[in-house]
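One structure is given below, represented as structure tokens, and several questions about it will come after.
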Amino acid sequence: VEETNALTEAQMRWNVNTMLAYGAKGITWFTLIEPYEMALKGSDGTTTGMDFTRVGLIGVNGEQNQTTYNAAKNINTWVAHVDGILMDSTSVAVLADGVSYWSLTEYPTWDGNKYNGMTLTASKRGGDSCGAMAGVFDYFGQTVYYVVNNDYTNAQDVTVGFDKASDLTIYRGSNVTSETVTTKTFDLAAGEAVLIIKK
């Protein structure tokens with residue numbers, strides 16, 4: 001079997017978070033119990049061991065793949081923290097900032113990087129930004145922004161700005177905080193998201 005690179009947790013997180021920003025209401029993990037044919041083979045063609053580090057959440061003998069299984073578990077913990085809000089929200093728009101997005105401007109819900117007095121910007125120290133995106137949702141009359149770092153390799157500073165001081169409830173990791181600000185900058189890890197409710 002040829003070696004292939006396993007997805008990193010950051011790449012898996014980016015995949016889930018960008019789908020949620022677009023309004024996905026569910027995430028399904030394909031466990032892929034790896035077949036015997038994916039065993040690692042030596043130069044003489046004989047099996048040298050099983051491969052539990054590349055693709056499946058579950059390995060050929062039923063063991064959890066500690067690389068991808070734990071990543072999925074961590075991502076599920078985050079989604080469980082915000083899923084009640086996202087499930088009860090209606091997608092309104094998708095915002096984007098960064099050169100990697102402008103080739104996609106034909107997407108029908110693409111609204112640039114501004115929406116109803118909110119501006120989204122992304123920057124990366126020491127290099128070109130891969131951009132950021134934000135799904136905009138209506139949550140019982142309140143506006144929700146699901147802000148995602150579009151870089152699945154590097155952290156980026158992602159800033160949300162408002163045309164006036166705004167009361168925000170911010171969900172990040174397992175924490176929930178409240179602030180009244182006109183701008184807020186997040187140092188988001190690769191593929192990381194924060195959920196913001198604007199009251």
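The values are calculated or read from the model by the stated rules, or taken from the named source; none is laboratory data. Just so you know, these numbers come straight off a predicted model, no measurement behind them. Please note: Cβ atoms are built from the backbone with ideal geometry, for glycine as well, and neighbour counts cover all protein chains shown. All accessible areas refer to the heavy atoms of the entire protein, side chains included, with ligands and DNA or RNA removed. Shrake-Rupley method; radii C 1.70, N 1.55, O 1.52, S 1.80 Å.
Can you find a residue in region 184-195 that is buried (at least 16 other Cβ atoms within 10 Å of the Cβ) and of a type in the set (S, T, N, Q)?
No, because not a single residue in region 184-195 is buried (at least 16 other Cβ atoms within 10 Å of the Cβ) and of a type in the set (S, T, N, Q).
Let me ask something additional. So which residues in region 166-183 are β-branched (Val, Ile, Thr) and either open to solvent by less than 40 Å² (accessible area, probe 1.4 Å) or under 10 Å from His81 (Cα atoms) (or both), if there are any at all?
Within region 166-183, Thr169, Ile170, Val176, Val181 meet the criteria.
Name the residue, out of Asp128, Asp163, Asp111, Asp157, that is open to solvent by 60 Å² or more (accessible area, probe 1.4 Å) and either modelled with pLDDT of 90 or more or of a type in the set (Ser, Thr, Tyr) (or both).
Of Asp128, Asp163, Asp111, Asp157, the one residue that is open to solvent by 60 Å² or more (accessible area, probe 1.4 Å) and either modelled with pLDDT of 90 or more or of a type in the set (Ser, Thr, Tyr) (or both) is Asp163.
Please determine, by comparing only the residues of region 140-154 that are over 15 Å from the mean Cα position of the chain (by Cα) and under 18 Å from Lys184 (Cβ atoms), which one is surrounded by the most Cβ atoms within 10 Å (Cβ to Cβ).
Among them, the one singled out is Val144.
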